Amino acid sequence: MNPTPLASVPAAPPRMTTAVTPDGTVLVSGEIDAATAPALLRTLTRALRAHPGGVALDLSAVTFCDCAGLRAFLAARYQHLDTGRFPLRVVAASPRMTRLLRLTGTGWLFEEPRTGPVQ
């Protein structure tokens, strides 16, 4: 029996993909973990440099995120807080991302600042 040569084995799809739209929205999909979090942090850092007023995060296609992924979001946020602006805000999130942000108590860090009277 001849083994299949490696060159003919289809490449595995990327576990995580990111894209930055012209308006500064960062689209993230797939799995965010220790292997993919560094690439996510690089993307967020580049997006924040290009859009210093802040970027929107579309996490609606994230299927998994562990503590390394959450750390990447937090690191990007904290690196840019000195600008005095609200750096990252989640505009869409998958149920898993929503749950992670809720369970860790970090969701409020990625919301729009509230203005007006407190109710």
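The values are calculated or read from the model by the stated rules, or taken from the named source; none is laboratory data. All figures in this text were calculated on a predicted structure; none of them were measured in a lab. Counting neighbours? That spans all protein chains shown, and the Cβs are built from the backbone with ideal geometry, glycine included. Accessible surface is based on the protein model in full, side chains and every heavy atom, while ligands, DNA and RNA are left aside. Shrake-Rupley method; radii C 1.70, N 1.55, O 1.52, S 1.80 Å.
Quick notes on this structure:
- Of the criteria (1) modelled with pLDDT under 90; (2) buried (at least 17 other Cβ atoms within 10 Å of the Cβ); (3) in contact with a strand residue (DSSP E or B) (Cβ under 7 Å, 6 or more places away or on another chain), which one M97 fails: (1)
- L103 out of contact with any strand residue (DSSP E or B) (no Cβ under 8 Å at 6 or more places or on another chain), at pLDDT below 90 and not β-branched (V, I, T): no
- Scoring L41 on the criteria (1) part of a helix (DSSP H, G or I); (2) modelled with pLDDT of 95 or more; (3) surrounded by fewer than 16 Cβ atoms within 10 Å (Cβ to Cβ) leaves a single failure, condition (3).
- Cross-chain or 6+ apart pairs with Cβ under 8 Å, segment 44-66 first and under 12 Å from R77 (Cα atoms), then open to solvent by 40 Å² or more (accessible area, probe 1.4 Å) and among the polar types (S, T, N, Q): T45/Q79; L48/Q79; P52/T83
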